[in-house]
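One structure is given below, encoded as structure tokens.
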Amino acid sequence: MKPERVKRLLPAVYQRTAAPGTPLAAIIDVMSALHAPSERALRRLPSTLNPRQTDDAFVPFLASWVDLGAFIQNAGNPSVDGSSRASEPFPTGLGRLRELTACGALLSHWRGTGKGLLLFLKIATGEAGWLVEENVSAGGFRPFHLRITVPAAVASQLRLVRQIVELEKPAYVTYELAMAQTTTV
């Protein structure tokens, strides 16, 4: 806040006595300087709250706001796939966590549905080729059962896939994971 604006907020008697070089003018300058960090933070607020633009360290905090806290790894803990990537808060990378966070409202809207599970898996892994079949089993119709076909490229991320399915499916639904067959030319 500029000193002139601070001065206008003061009672009239103070405004008249705040001439340059007076102790009151110095106090107004200090008051103005004290507002500078807050004003900078407020100017950056839109980009700070945007998961695609914010600082890397702030992404896990934003992710927790959209109910992704269960997927965030603490620094120093092994990742879901067993490797020890302390710098990555999400097993498939910070970019995937940014995208999941940005799509948090959409994912919340479709939570508990096949469409929502499919969308979550695609965004979390960055891979297409997922298939979610409902009410199926090897012997025919089986109510409240999912068969999730996992793309071959995601084979190393099965722990993450299981965690996503467990947290995103309705509690009464059972599931099985099937690996997609890779075809070579």
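Side notes on the structure shown:
- Of the residues making up segment 134-175, just one is at pLDDT below 90 and either in contact with a Gly (Cβ under 6 Å, 6 or more places away or on another chain) or acidic (D, E) (or both), namely E134.
- In segment 98-108, the count of residues that are within 20 Å of the chain's Cα centre (by Cα), outside any loop (DSSP other than H, G, I, E, B), polar (S, T, N, Q) and at pLDDT 95 or above is one or more.
- The one condition in (1) modelled with pLDDT of 90 or more; (2) closer than 30 Å to T125 by Cβ; (3) not hydroxyl-bearing (S, T, Y) that P37 fails to fulfil: (2)
- In segment 66-79, the count of residues that are at negative phi, modelled with pLDDT of 90 or more and assigned to a loop (DSSP other than H, G, I, E, B) is one or more.
- Residue count for segment 106-129 under the criterion of being of a type in the set (A, V, I, L, M, F, W, C) and more than 22 Å from A70 (Cα to Cα): the result is 1.
- Taking residues in segment 167-185 that are not assigned by TED's automatic domain parsing to the domain that holds L146, and partners anywhere that are assigned to a loop (DSSP other than H, G, I, E, B) and at pLDDT below 85, not one pair has Cβ atoms closer than 7 Å while being at least 6 places apart or on different chains.
- Flag for A18 being surrounded by 12 or more Cβ atoms within 10 Å (Cβ to Cβ), modelled with pLDDT under 90 and more than 24 Å from E168 (Cα to Cα): yes
- Reported count of residues in segment 126-157, each being touching a residue at least 60 places away in the same chain (Cβ under 8 Å) and either assigned by TED's automatic domain parsing to the domain that holds I72 or over 21 Å from R111 (Cβ atoms) (or both), is 1.
The values are calculated or read from the model by the stated rules, or taken from the named source; none is laboratory data. Here the structure is a predicted model, which is why all the values come from computation and not from measurement. Here the Cβ is made from the backbone with ideal geometry for all residues, glycine too, and neighbour counts use every protein chain on show.
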